1. Using the Karplus equation 6.51 cos²θ - 1.76 cosθ + 1.60 (θ = phi - 60°), what ³J(HN,Hα) coupling, rounded to whole Hz, does each residue of segment 172-178 give in order, writing x for Gly and Pro?
2. Taking a ≥ b ≥ c as the square roots of the eigenvalues of the Cα gyration tensor of segment 195-376, is the shape rounded (a/c under 1.5), prolate (a/b larger than b/c) or oblate?
3. Need one word for segment 329-381: rounded, prolate or oblate. Basis is the Cα gyration tensor (sqrt eigenvalues a ≥ b ≥ c); a/c below 1.5 gives rounded, then a/b vs b/c decides.
4. Among residues other than Phe88 whose Cβ falls under 12 Å from its Cβ, what is the net charge (Lys/Arg +1, Asp/Glu -1)?
5. Under 17 Å from the 7 Å Cα→Cβ point of Ala6, by amide nitrogen: which residues of segment 18-50?
6. Tell me, Arg281, Arg200 in order of fewest to most beta-carbon neighbours within 10 Å?
7. Could you tally the net charge around Ala205, taking each other residue with its Cβ under 14 Å from the Cβ of Ala205, Lys/Arg +1 and Asp/Glu -1?
8. Would you please classify the overall shape of segment 4-161 from the alpha carbon gyration tensor, given that a ≥ b ≥ c denote the square roots of the eigenvalues, rounded means a/c under 1.5, and beyond that prolate means a/b larger than b/c while oblate covers the rest?
Amino acid sequence: MIGAGAFMAAAADRGYTLYTGVPCSYLTPFINAAIDAPGLRYVPAANEGDAVAIAAGAALAGRRAVAMFQNSGLGNAVNPLTSLTWTFRIPVLLVVTWRAEPGGAADEPQHELMGPITPRLLELMEIPWQRFPAEPGAVAPALEAADASMARTGLPYAFVMQKGSVADVPLSSGPRERLPDAPVPPGRPVASATRTTMLRALQAATGAGDVVIATTGYTGRELAALDDRPNQLYMVGSMGCAVSLGLGLAIARPDLRIVVLDGDGAALMRLGALTTVGFERPPNLVHVVLDNGRHESTGGQATVSGCVDFPALAAASGYPDVTATGSPESLQALLADRRPGLRFIHVPTLPGVPAGLPRPTVRPPAVAERLRAYLAGGGVG
């Protein structure tokens, strides 16, 4: 057994200063220590997949991050672990608990299958792993092995935590409360333009000092076709994780504005992410939901967005500034306003895809590397 502080101090020496995750009783002392420790930041995620995406966003911006959760939630993280961190080669450190470890303590029925298959599931996802270092002398070698693996592969590395690995740590901090107070715009604007037209307006209002994250599907493809820029990242999977990735980026780079382009279907898939963003309130994040009421890139099937009030959801989740527009001119004006503060913009759009729309010619790892270079240059080119 080790003290949580011993691990976190050694990890901080290697640059790990951001922790995010979902609680597990095995992780309680670890999470408590991360919440209370000066110099560390803990971001409570709504689910395990969001935790991976938050950590990936921070790592992409150069701030090393740890995502932690119980193995029962590993299934919820499979999507970003296989189509975000793997696809873009973004290394994050994982701490996954080992509930129902074979030969270990008896556990609840919901862990019976995941317990035996946890190591194999990590290996299927090409994630190297070792047991969490439960002795003081094992911490530094374990972190060294993890760092060496991530440097070599560009992929995550996992510590699998057994019961009783970390000594109890009481939580000193109380819950933070902030009642939602944003006014909700009345009614739903009438869509007047296609997604492509809206993206053109957005590009006219973004540039140096901005990072643009485009959700998977036609949004990223159209953005790249209009003007492929080094400050743009086109997600090609991990549907619903765009704003969590953007949150990690915004926390790691408060000097830059992060503009997240979401879709209605993607936002609906992981609505819990809005509550985490609203709780954290990064002042440099703008969340734009382009809403055509369709899963357009998979055949045009309808989403349920027609009966969803996105601005009201964002306001209820804690976004302090909520607007809506169906006009490209209005969207450009809203984005040209660079005042600080977390903002949510709902943008109904007309359906339609440009004829002959190409796919981005730059492969995802190169897109990520290009963005890293842009960030290293201070966001100016």
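A short reminder: the numbers here are calculations on the coordinates, not readings from a lab. It should be emphasised that the depicted structure is a prediction, and the values quoted were computed from it without experimental measurement. Cβ placement follows ideal geometry from the backbone for every residue including glycine, while neighbour counts extend to all protein chains displayed.
1. For segment 172-178, the Karplus curve yields 8, 6, x, x, 8, 10, 8 Hz.
2. rounded
3. Oblate.
4. For residues surrounding Phe88, the net value is +3.
5. From segment 18-50, the list is 29-31, 33-34.
6. Ascending Cβ contact count within 10 Å gives the list Arg281, Arg200.
7. Taking every other residue near Ala205 into account, the sum is +2.
8. Note, shape of segment 4-161 comes out rounded.
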